[in-house]
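A single structure is presented below for examination.
The values are calculated or read from the model by the stated rules, or taken from the named source; none is laboratory data. Keep in mind that what you see is a predicted model, and the values were worked out from it rather than measured. We place every Cβ from the backbone using ideal geometry, glycine too, and count neighbours over all the protein chains shown. With ligands, DNA and RNA removed, areas are computed over all heavy atoms of the protein, side chains included. Shrake-Rupley method; radii C 1.70, N 1.55, O 1.52, S 1.80 Å.
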Amino acid sequence: MNLFGTRPAGCCSTCSESCQPGSGPRVALVGQPNCGKSTLFNAVAGYRSATGNFVGTTVRLTRSRVRVNSSAIELVDLPGTYSLTATSPVERAARDFLFGGNADVIINVIDAALLSRSLELTLELLDLGIPLVVCLNMVDEASRNGMTISAETLSRALGVPVVETVASRGTGVAQVFSQALKSGQTPRLEQSLIWPESAVERLEASLPPKAECAVGALPRRRPAEAAGETADLLIVAERRRRAERLAAESVTFGRPRADFRASLDRLLTHPVFGYVFLVLILVGFFWAVFGIGAWLEKELLALMASAYRPIGASLGTGTMFSSLVRSLWDGFVGGATIVLPYLLPFLFGLALLEDAGYLPRVAYLLDGLLHRIGLHGTSVVPIMLGYGCSVPACLSTRVLPSRRDRFLASVLATLVPCSARSTVIFALAAFYLGPAWALAIFAFNALVVFFSGWLLARLWPEVSIGMILEVPRYQWPSLRMTSRKVWLRLREFVVVSWPLLIFGSGVLGLVEFWHADRLINTALSPLMSALGLPAAVGVTLIFGVLRKELSMIMLVQALGTTNIHAVLTSTQILTFTVFLTFYIPCLATLAAMTREIGKKLTALAAAYSFALATLFGIAVRFLPRLFALA
Amino acid sequence: MTALLDRSSDSPEIAASAPVPLDSLTPQARAEIVALPEGHGAARRLAELGIFIGGQVKVVRIAPLSGPVLLEVRGSLVALGRRLAHRIVVRVLA
């Protein structure tokens, strides 16, 4: 979208270095979770920031240089935070950025429907003295709830500009940014809120004499961190009273309009039907992914085969050049026909569920169940994200309050089949054995995840305070936002993994040409014979450490055919799929895990998943006797 | 907290407005928060979401399998784990 000549001009993920001269004022977007900050950011910055309808989507700070009315500004999207007294590492990132004096202007995004609660953060931000513009977002939601908010009254009472917006539709977005530019030229805010004497006195009385504390007189110090919780809660209570009074003064209540979402929520979180719908939604989701994927795969395979015929005929066989070209082509075809057809609908479906706000409902439904394995519902978010990609899943564990919860959630999230592994399940088990087998693998995996959680929680017991989770309103996912998010995730495959697939396939082609694969296969043959797989498969597992779908593409290359069923029996296909599903996390995931939980625990997690893979791989060999599988 | 609960069981005539654990309420009940659990910074995190002593909440739904209690708090929905809800003391409002 191009508003008033806004265009993205480069972006990087961290904001540690200082602002270069001439790059314009640095504008920070600050707001509580689910207030639409990232939507506002994306409206002007293009798709750089990850949006999602649950707490803690923005884990890293995302920034972008944008142009507003021919002046440049540097826009920083801070993670959602309820207050500046950070309780999780994610919120700490937002707090540290602001306390570090990094922002020239703050755009405080507010969910208009939750005015009173949101104003508590606004009052806290005002204490920082940084020029501020209030972006009263989602005014359409507020009016649906029967709330009419007077922006003028609010603006007068707060002493800062207030702009009404509906960021998802782009309404008012231009005004917010031109107002921010204007405010950036004014000097730092005067202390606009004076704390009542009585509150300050009471506060001071409760503090040790030398304690540093931010009340009125010392607005830019960290509020009462040294003072302990009592003084802190006192300030919070005072801010709440002010916020409530402000909200009461600026809102007139009318009749709320009937909202079908309330009935939808009654159904989707119903004690019985909620679970029925959960299962239906997940099964429907996987069925749709398989249906679309299998159709695309068949069409694309035929297309690619006819495209290759003239090339193959002119190349001949037996030379190093011909086997190199052939294997590079196989890598390309593998990406196009086996990975993309499943990855695309999968990422799209997951993004839809995320943006609609269904994931917190899943957390609500499964919290009780997860308690039985020593986790709580909040861990559902990393685990669900794990179905997309293990790397962001590991990063999203930062929203969890305790180190132990972060460890458990990241181990479980990496056990869940990511989209690469799902692709393997779809393209091998579902395509050759039937969709029911793919579903069985997913269900079995869920059982293993459940059991692993139970086991790990026994090994590392801890009494946590349990789930505290805001459940946001449902939102119609915007097609533009959702497809941008899908593209962002797909781009990772297209620019990083696909070239890697082609390169890896080429390497394997040469390795085979020189017969070096025998060495690797001989080294891995004990494992292969334990799994009952042909020795030629061994070499593919080495590539699986880079990317899981690489193993499958390599399988095509190593066996020399795209019709895998001609070379492997059904049992062998199943063994291979199950082994890859649990096989150690890929390199990128191992790196992310090391960052989040440390080297030792990561090594432990990798060893655990390898042991599971071997154990289940061997177990699958004995399945045919039970199911009479060919 | 326990003292409050003991007193309520001693005097049944004030049972209607006696302090009870939050998870003992039925859906649609409105209640005023009387006491919050200590430790783990729980009180602060709850306060950020609008759950504080003297504040009001409405129970929307309670999930089965010892699942969470879904509350309506100042216009937003908040899910609290059952054990945490059990440690929050409330007084039911008419």
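Out of A:Ala363, A:Ala307, I need the residue that is aliphatic (A, V, I, L, M) and touching a residue at least 24 places away in the same chain (Cβ under 8 Å). Which one?
Details: A:Ala307 fails: touching a residue at least 24 places away in the same chain (Cβ under 8 Å).
The unique qualifying residue is A:Ala363.
Name the residue that is modelled with the lowest pLDDT, counting only residues in region A:288-335 that are outside any helix (DSSP H, G or I) and among the polar types (S, T, N, Q). Show your work before the answer.
If we filter region A:288-335 for residues that are outside any helix (DSSP H, G or I), which is where we start, we get A:316-319.
Checking the rest, the ones that are also among the polar types (S, T, N, Q) come to A:317, A:319.
Values: A:Thr317: 73, A:Thr319: 82.
If we take residues in region A:288-335 being outside any helix (DSSP H, G or I) and among the polar types (S, T, N, Q), then A:Thr317 is modelled with the lowest pLDDT.
What residue, among those in region A:360-376 that are touching a helix residue (DSSP H, G or I) at 6+ places or on another chain (Cβ under 6 Å) and surrounded by fewer than 23 Cβ atoms within 10 Å (Cβ to Cβ), is farthest from A:Ser410 (Cα to Cα)?
Result: A:Val362.
Just need a number here: residues in region A:533-548 that are among the charged types (D, E, K, R) and open to solvent by 30 Å² or more (accessible area, probe 1.4 Å).
Going through region A:533-548, the residues among the charged types (D, E, K, R) turn out to be A:547-548.
Now narrow it down to the ones that are open to solvent by 30 Å² or more (accessible area, probe 1.4 Å): A:547.
Summing the residues that are among the charged types (D, E, K, R) and open to solvent by 30 Å² or more (accessible area, probe 1.4 Å) in region A:533-548 gives 1.
Filter region A:228-243 down to the residues that are facing chain B (nearest Cβ under 9 Å) and open to solvent by 20 Å² or more (accessible area, probe 1.4 Å), then identify the one that is modelled with the lowest pLDDT. First the steps, then the outcome.
Initially, region A:228-243 is screened for residues facing chain B (nearest Cβ under 9 Å), giving A:229, A:232-233, A:236-237, A:240.
From the residues that got through so far, the ones that are open to solvent by 20 Å² or more (accessible area, probe 1.4 Å) too are A:229, A:233, A:236-237, A:240.
Numbers: A:Glu229: 50, A:Leu233: 68, A:Val236: 78, A:Ala237: 80, A:Arg240: 88.
So the residue we want is A:Glu229.
Out of all the residues in region A:276-309, which are buried (at least 17 other Cβ atoms within 10 Å of the Cβ) and under 21 Å from A:Val362 (Cα atoms)?
A:Phe277, A:Leu278, A:Leu282, A:Phe285, A:Phe286, A:Val289
Would you mention how many residues in region A:20-62 are at pLDDT below 75 and of a type outside the set (A, V, I, L, M, F, W, C)? Give the derivation first.
First, the residues of region A:20-62 that are at pLDDT below 75: A:20-23, A:45-62.
Next cut, of a type outside the set (A, V, I, L, M, F, W, C) only: A:20-23, A:46-49, A:51-53, A:56-58, A:60, A:62.
Counting residues in region A:20-62 that are at pLDDT below 75 and of a type outside the set (A, V, I, L, M, F, W, C) gives 16.
Could you check how many residues of region A:390-403 are open to solvent by 10 Å² or more (accessible area, probe 1.4 Å) and touching an Asp or Glu at 6+ places or on another chain (Cβ under 8 Å)?
Final tally of qualifying residues: 3.
Please determine whether any residue of region B:44-53 is at pLDDT below 90 and over 19 Å from A:Leu469 (Cβ atoms).
Yes, because at least one residue in region B:44-53 is at pLDDT below 90 and over 19 Å from A:Leu469 (Cβ atoms).
Scan region A:98-127 for residues that are over 21 Å from A:Arg245 (Cβ atoms) and among the aliphatic types (A, V, I, L, M) and report the count. Before you say what the answer is, go through the steps one by one.
Going residue by residue through region A:98-127, those that are over 21 Å from A:Arg245 (Cβ atoms) are A:98-107, A:109.
Filter again for among the aliphatic types (A, V, I, L, M), leaving A:98, A:103, A:105-107, A:109.
Looking only at that region, the number is 6.
Can you go through A:Leu278, A:Leu343, A:Leu359, A:Leu282 and tell me which one is under 24 Å from A:Ser497 (Cβ atoms) and in a helix (DSSP H, G or I)? Even if it seems obvious, please write down each step before you answer.
On the way: A:Leu278 fails: under 24 Å from A:Ser497 (Cβ atoms); A:Leu359 fails: under 24 Å from A:Ser497 (Cβ atoms); A:Leu282 fails: under 24 Å from A:Ser497 (Cβ atoms).
So the residue among A:Leu278, A:Leu343, A:Leu359, A:Leu282 that is under 24 Å from A:Ser497 (Cβ atoms) and in a helix (DSSP H, G or I) is A:Leu343.
Assess whether A:Thr319 counts as being among the hydroxyl-bearing types (Ser, Thr, Tyr) and more than 26 Å from A:Glu141 (Cα to Cα).
yes
Among the candidates A:Arg458, A:Arg398, A:Arg421, A:Arg473, which residue alone is within 14 Å of chain B (Cβ to nearest Cβ), of a type outside the set (Ser, Thr, Tyr) and either more than 17 Å from the chain's Cα centre (by Cα) or not in a loop (DSSP other than H, G, I, E, B) (or both)?
A:Arg473
To continue, here is another question. What tally of residues in region A:244-274 results from selecting those that are in a loop (DSSP other than H, G, I, E, B) and open to solvent by less than 70 Å² (accessible area, probe 1.4 Å)?
Going residue by residue through region A:244-274, those that are in a loop (DSSP other than H, G, I, E, B) are A:254-259, A:269-272.
Now restrict to residues that are open to solvent by less than 70 Å² (accessible area, probe 1.4 Å): A:254, A:259, A:269-271.
The number of residues fulfilling the criteria is 5.
Go through (1) open to solvent by 40 Å² or more (accessible area, probe 1.4 Å); (2) more than 30 Å from A:Arg326 (Cβ to Cβ) and name the single condition A:Phe582 misses.
Here A:Phe582 clears every test but (1).
Failed condition for A:Gly368, given (1) within 14 Å of chain B (Cβ to nearest Cβ); (2) touching a residue at least 40 places away in the same chain (Cβ under 8 Å), with all others met?
Going through (1) within 14 Å of chain B (Cβ to nearest Cβ); (2) touching a residue at least 40 places away in the same chain (Cβ under 8 Å) one by one, A:Gly368 breaks only (2).
Would you please name the residue that is nearest to the other protein chains (Cβ to nearest Cβ), looking only at residues in region A:61-112 that are of a type in the set (A, V, I, L, M) and open to solvent by 10 Å² or more (accessible area, probe 1.4 Å)? So that I can check it myself, show each step before the final result.
Within region A:61-112, the first condition is being of a type in the set (A, V, I, L, M), and the residues that meet it are A:61, A:66, A:68, A:72-73, A:75-76, A:78, A:84, A:86, A:90, A:93-94, A:98, A:103, A:105-107, A:109-110, A:112.
Checking the rest, the ones that are also open to solvent by 10 Å² or more (accessible area, probe 1.4 Å) come to A:61, A:72, A:86, A:93.
Working: A:Leu61: 21, A:Ala72: 35, A:Ala86: 10, A:Ala93: 16 Å.
The residue in question is A:Ala86.
Somewhere in region A:128-146, is a residue out of contact with any helix residue (DSSP H, G or I) (no Cβ under 9 Å at 6 or more places or on another chain) and within 14 Å of chain B (Cβ to nearest Cβ)? Let's see the steps before the verdict.
Keep residues of region A:128-146 that are out of contact with any helix residue (DSSP H, G or I) (no Cβ under 9 Å at 6 or more places or on another chain), which gives A:129, A:146.
This time we only want the ones that are within 14 Å of chain B (Cβ to nearest Cβ), so: A:146.
Yes, region A:128-146 contains a residue that is out of contact with any helix residue (DSSP H, G or I) (no Cβ under 9 Å at 6 or more places or on another chain) and within 14 Å of chain B (Cβ to nearest Cβ).
Given the conditions (1) open to solvent by 40 Å² or more (accessible area, probe 1.4 Å); (2) under 36 Å from the mean Cα position of the chain (by Cα); (3) of a type in the set (S, T, N, Q), which single one is not true for A:Ser551?
Of everything listed in (1) open to solvent by 40 Å² or more (accessible area, probe 1.4 Å); (2) under 36 Å from the mean Cα position of the chain (by Cα); (3) of a type in the set (S, T, N, Q), A:Ser551 misses just condition (1).
Among (1) touching a Pro at 6+ places or on another chain (Cβ under 9 Å); (2) open to solvent by 40 Å² or more (accessible area, probe 1.4 Å), which single condition is A:Ile465 missing?
(2)
Could you check region B:53-94 and list, in sequence order, the residues that are among the hydrophobic types (A, V, I, L, M, F, W, C), facing chain A (nearest Cβ under 7 Å) and surrounded by fewer than 20 Cβ atoms within 10 Å (Cβ to Cβ)?
To start, the set of residues in region B:53-94 that are among the hydrophobic types (A, V, I, L, M, F, W, C) comprises B:53, B:57, B:59-60, B:62-63, B:65, B:69-71, B:73, B:77-80, B:84-85, B:88-90, B:92-94.
From what is left, the residues that are facing chain A (nearest Cβ under 7 Å) are B:63, B:65, B:70, B:77-80, B:84.
Correct list: B:Leu65 only.
Can you find, within region B:25-52, the residue that is nearest to the other protein chains (Cβ to nearest Cβ) among those that are open to solvent by 50 Å² or more (accessible area, probe 1.4 Å) and within 10 Å of the chain's Cα centre (by Cα)?
So the residue we want is B:Glu32.
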